[in-house]
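Remarks on the structure that follows.
Where a number appears in this text, it was derived from the coordinates with a stated rule and is not lab data. Computed from a prediction, not measured in an experiment: that's the story for all the values here. Note that each Cβ is placed from the backbone with ideal geometry, even for glycine, and that neighbours are counted across all protein chains shown.
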Amino acid sequence: MSISASRGVPVQAVKFDYYILNIYVPERDGTPPTLYGHWTEQVLVAEAQGYDTLWLTEHHFRNFGGMCPNPQLLLTAMAARTKRIRLGTAVTVLPLHHPLRVAEDMAMLDIISGGRLEIGIGRGMPQAEYEIFGARWEESQERLEEAIAVMRAAWVSDPFTWSGTHYRYEKPIKLLPPPLQKPHPPIWATANFEEEHFRWIGRQGFHLMTLPWLAPSAARTRELIQCWRESLVEAGHDPATREVLVMYFTHVRETAEDARGAAEYWLRTMGGSPGERGGENIRGMTYNRLIGETRAIIGDVARCREQVAFIRDTFGATHIATVHHFGGVPQAEVLASMRLFAAEVAPGFRL
C-alpha cells in the first residue's frame, strides 16, 4: 500500500467484482426466465474472467432491481454453478426481516458455497416495501444495528440469549447450522450520505460499501470514507485489514463513441426512475458531465483505465464492483463489455 500525495488516502491494488442491479425493461430484457438465464451466463463469464466477488442486491415490487427480491436464494443457485468467485449480498435489507431467519439463511449459504459468502447489510430506502412488510423507516437504523448484533451473537455463542429494544430471547437458542467461516462470514455495511452511519460502520469494524456516483461530489464521499477510517482506528480496528467497495455502472467498447449509446440509455433509464436511488442526481445530467465527474465507468479502454485510476486514488477503493447489465443492454454487449474490461482495463490495477 502507498499513500497518494495529492489526496492523502490509501492507494493499493484493486479487486474487481461483478454486481447485478438490473433496471428491468421487459421489452428488451425478455421474460423472467430469459433474464435469469442471462444473469447466470454473466456470472459464469465473471468467474471465468477472474472477477473476485458476485454481489446481488435486494429490491422489491418495482422494475428497479425488483427481479432480485431475495439475494440469498439466487446466490445459492449461483453457488452450485461456480467454484471460485465469492458470493455477496449488496445488500440484504435487514430491517425488513427477522435477524435469526437471515442468520440461518446466511449460515446455510456459507456452507453450501464452501465458505465463499460475504454478507452485506443495509436499510435500503423508504420505499413501499417498508409499509408492505410492516416495517417503519423511522426506526430502520436502530433495528439494523440491533439485528446485526443479534446475528453475530447467534453465530458465535452456543447457545445465546438476548435482551434488547426490539428483540428478546430469554430462553437459550442454539442456531443451526453454524456458518463455515469463523467466527462468521465477513460483514459489509452500506452508507452514502450520513456521517454517523459511516462512523458506526467503522466502530463496528465492518467493511464499507458506498456509491460515490450518488453523492453531491467526489470530495464529499472522500471525506465520509475518511470518517469511517478514523472511527476504525478509534475503536481499535486496523484499517489495513478493512476494505472499501464502490459500485459503478460500467460499459467498455472499442471506441468511446460506441460506448456513448449505452451511457445515454443509462441516463434515460435512471432519470426516468422517480424516487429511486440516484434518480434525482442523474435526471437532466449530460453525457459530458457524467464522464467528466466519473459517475460511471464508460468509454474505450483508455478512458475506462483513467476512470478506474481516479476512483482508486480518490476513495482508496479496494473493490470496484462493476454493473455491466443496467437494464435493456443486449446480452451480447454485456458479455463483450465484461470480457474487454477484464482483459484490458483490470490487469493494471489488480492484485
- The answer for ALA321, listing residues at least 5 apart or on another chain whose modeled amide H is closer than 5 Å to its amide H, is ASP17, VAL246, MET247, TYR248
- Taking the Cβ of each residue in ASP300, ASP238, ASP258 as the centre, tally the other Cβ atoms inside 10 Å and list the residues starting with the fewest. ASP238, ASP258, ASP300
- Convert each backbone phi in the range 91-96 into a coupling constant with the Karplus relation 6.51 cos²θ - 1.76 cosθ + 1.60 (shift: θ = phi - 60°), then list the ³J(HN,Hα) values in order as whole Hz, x for Gly and Pro. 9, 7, 7, 4, x, 7
- Note on the structure: Which of (1) 22.1; (2) 20.6; (3) 21.2 is the computed Kirkwood radius over Cα pairs in Å? It is (2)
- lysines whose Cα lies under 28 Å from that of LYS83, excluding same-chain neighbours fewer than 8 positions away: LYS15, LYS182
- Message: Could you give me D for the range 100-145, from Stokes-Einstein at 10 °C and 1.306 mPa s, where the hydrodynamic radius is the Kirkwood radius over C-alpha pairs? Units µm² s⁻¹, please.
- Response: 128
- Full-stretch length increase - ALA343, ASN288 - with 0.36 nm per residue and alpha-carbon distance subtracted: 17.2 nm
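Let me know the longest stretch in the chain that avoids all chymotrypsin sites (Phe, Trp or Tyr not before Pro) found in a DSSP loop with at most 14 other C-beta atoms within 10 Å.
It works out to 194-351.
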- Residues meeting the amide H criterion for MET125 (H placed from the backbone, H to H distance under 5 Å, 5 or more places apart or on another chain) are none
- Query: Under a 5 Å amide H to amide H cut-off, with H placed in plane at 1.01 Å, what residues pair with VAL14 once short-range neighbours are removed?
  - Reply: ARG350, LEU351
- Item | Neighbourhood net charge (15 Å Cβ-Cβ; Lys/Arg +1, Asp/Glu -1) for GLY299 | -3
- Here the FRET efficiency for ARG62 versus GLU142, based on Cβ atoms and R0 = 30 Å and rounded to 0.05, is 0.70
- Which trypsin sites (Lys or Arg not before Pro) from the range 34-117 combine a DSSP loop assignment with at most 15 other Cβ atoms within 10 Å? LYS83, ARG84
- When you count, for each residue, the other Cβ atoms within 10 Å and take the mean per peptide, how do 25-33, 177-185 rank with the highest first? 177-185, 25-33
- Select from the range 142-216 those GluC sites (Glu not before Pro) which occupy a DSSP coil region and have at most 14 other Cβ atoms within 10 Å, ordered by residue number. GLU194
- Message: Given the options ALA147, PRO185, PHE61, identify the residue whose Cα lies farthest towards the positive end of the charge dipole of the range 2-348 (+1 on Cβ of Lys, Arg; -1 on Cβ of Asp, Glu).
- Response: PRO185
- Note on the structure: Sequence order, the range 287-302: Karplus ³J(HN,Hα) from phi using 6.51 cos²θ - 1.76 cosθ + 1.60, θ = phi - 60°, Hz rounded, Gly and Pro as x, gives 4, 4, 6, 3, 6, x, 9, 6, 8, 7, 10, 9, x, 7, 4, 4
- Any chance you could run the full-extension gain for ALA332 through ARG268? It's 0.36 nm times the residue separation minus the Cα-Cα distance, nm to one decimal. 21.0 nm
- Quickly work out the GLU131-to-THR76 label distance, labels modelled 7 Å from Cα along the C-beta direction, and quote it in nm with one decimal. 3.2
- So what J values fall out for the range 334-346 if you push phi through Karplus, 6.51 cos²θ - 1.76 cosθ + 1.60 with θ = phi - 60°, rounded to Hz, Gly and Pro as x? 4, 5, 5, 5, 4, 5, 5, 4, 5, 7, 10, 9, 5
- Charge dipole magnitude, Cβ of K and R +1, D and E -1 - the chain, Cα centre, debye nearest 20: 460
- Task: Provide LEU73, LEU224, LEU87 in ascending order of the number of other Cβ atoms located within 10 Å of each residue's Cβ, fewest first.
- Result: LEU73, LEU224, LEU87
